[in-house]
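Structure record follows, encoded as structure tokens.
The values are calculated or read from the model by the stated rules, or taken from the named source; none is laboratory data. As the structure is a computational prediction, the values presented were derived from the model and not from experiment. All Cβ positions, glycine included, derive from the backbone under ideal geometry; neighbour counts span all protein chains shown. Calculation scope for accessible area: heavy atoms of the full protein, side chains included, ligands and nucleic acids excluded. Shrake-Rupley method; radii C 1.70, N 1.55, O 1.52, S 1.80 Å.
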Amino acid sequence: MEEKKQIIEEIKKIRFGIGLDTTNLTEEQRAALEDKEEILNDASKLAKEIHTKNPHFIFELVQNAEDNEYEDNTPTIKFIIDKELLIIQNNEMGFEKKNVRALCGIGGTTKKKALGYIGEKGIGFKSVFMVANKVQIYSNDFQFGFNYDESNPVTMIIPEWIDEIPDFVDPTQTNIVLYLKPETRNEITGYIEEIRPSLLLFLRKLKVIEIEKKDENKVKRMERYEKDGIVEVIYNERKSYWKVIKKFEVPQDIDEERRRDVSETEVILAFPLKEDHSPDTSNEQFVFAYLPIRKYGFKFIIQADFLLPITREDIIKDNKWNKWLRDSVIEVFLDAVKGFKNDENLKYGFYNYLPLKEEVKDDFFLPVVEQIYEKLKEEACILTKTNNWKRPSEVLIGDDEIKEIVTNEDLQKFF
């Protein structure tokens, strides 16, 4: 632990000049101190950006847990609401020096590539300062925190060692403790409740999300299992089943400031299934940008890194990035159809997932409907009586009486 404390002191001294003897500095050391001014300016810009955003920091914490490394356990994140505290526990392998250094910088990350929402430049973990000025981290013998003074933005990256570990900290896990601002304490439950079981559909590592409310003595648990290409989500003993199709897309020539550092992004479609794994198209589904936006008339979930206004009530329509993501949905749907054709439970009924113009009434998404039909015209997507897949133009549909008069063999012979 003493070694970990030294790492914190070293960061304070080298990066911020705190506790550094400045009487006989070399030119190089003075240059390093001047560099601190640049860090201060960057911190000011980041602080301004944080305080003009809606506090959807919850997803950032889930995303961080998704990016962590795990041993032979079930990757789990738990949110504990306790009066003026929000405690986040994650059973990851634990902090290393590089993780601490990344938190004590602006835009620093240990992630290998810019993917999706993390492209919100430099926000990431710092978004916790939307709701808390005092933040503490306990992980792998590291115990440090940030005491954020909004009048001095650089304080959001200056670490302070903590000598005493609170009783509520679980030493076997990574604990992030947010001491909530008075004005956010009443709102925090609402933010947490935006975590829906369907969020698990978009994650690869995390299998369990738990929410505990200390005052009500209640724990909600959401679990994800995957077997034979079917994702099962359990929430409050209710099960839902999904066929999930994911595809990475690489943006090209899209000049979007908020996504400039994104090298690839993922578009996900999740198709609801009945218990027997046949199509369930009884409900209209949400479109997500990690958290639900609203329903647009689709019978399947669309998840993509759409840019939203601060209100999060809709997708920004006149935006090249969003239009490109929307158009990417078409190709992912066609990939899904190829999978459906080889699935005994889906190959007879997947047509019910097809969006209809009268159902998808939003002009922004109408091109998706039109293009899916245009593309399927050229696809062998109709299963015929002879158990062959044909293009729609190669198939005739007849009722039982016609079938008695004109046989399938006759049709093949004359048409």
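Below is a table of values for the structure above.
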item: Residues satisfying the stated conditions in the range 63-109, i.e. part of a helix (DSSP H, G or I) and touching a Phe, Trp or Tyr at 6+ places or on another chain (Cβ under 8 Å); result: Q63, N64, V100, L103
item: Qualifying positions in the range 295-328 - open to solvent by 10 Å² or more (accessible area, probe 1.4 Å) and at positive phi; result: R312
item: Contacts under 6 angstrom Cβ, first residue in the range 190-211 being in contact (Cβ under 8 Å) with a residue 24 or more places away in the chain, partner assigned to a helix (DSSP H, G or I) and β-branched (V, I, T), 6 or more apart; result: Y191/I58; I211/I192
item: Residue in the range 161-168 that is in a loop (DSSP other than H, G, I, E, B), under 27 Å from K12 (Cα atoms) and among the β-branched types (V, I, T) present; result: yes
item: Unique residue being modelled with pLDDT under 75 and either of a type outside the set (G, A, S) or open to solvent by 30 Å² or more (accessible area, probe 1.4 Å) (or both) when the list is E27, E71, E9; result: E27
item: Residue that is within 19 Å of the chain's Cα centre (by Cα) and touching a residue at least 60 places away in the same chain (Cβ under 8 Å), where the choices are E232, E249, E226; result: E249
item: All positions within the range 239-293 that are loosely packed, with under 12 Cβ neighbours inside 10 Å, under 23 Å from K317 (Cβ atoms) and charged (D, E, K, R); result: D253, D255, E257
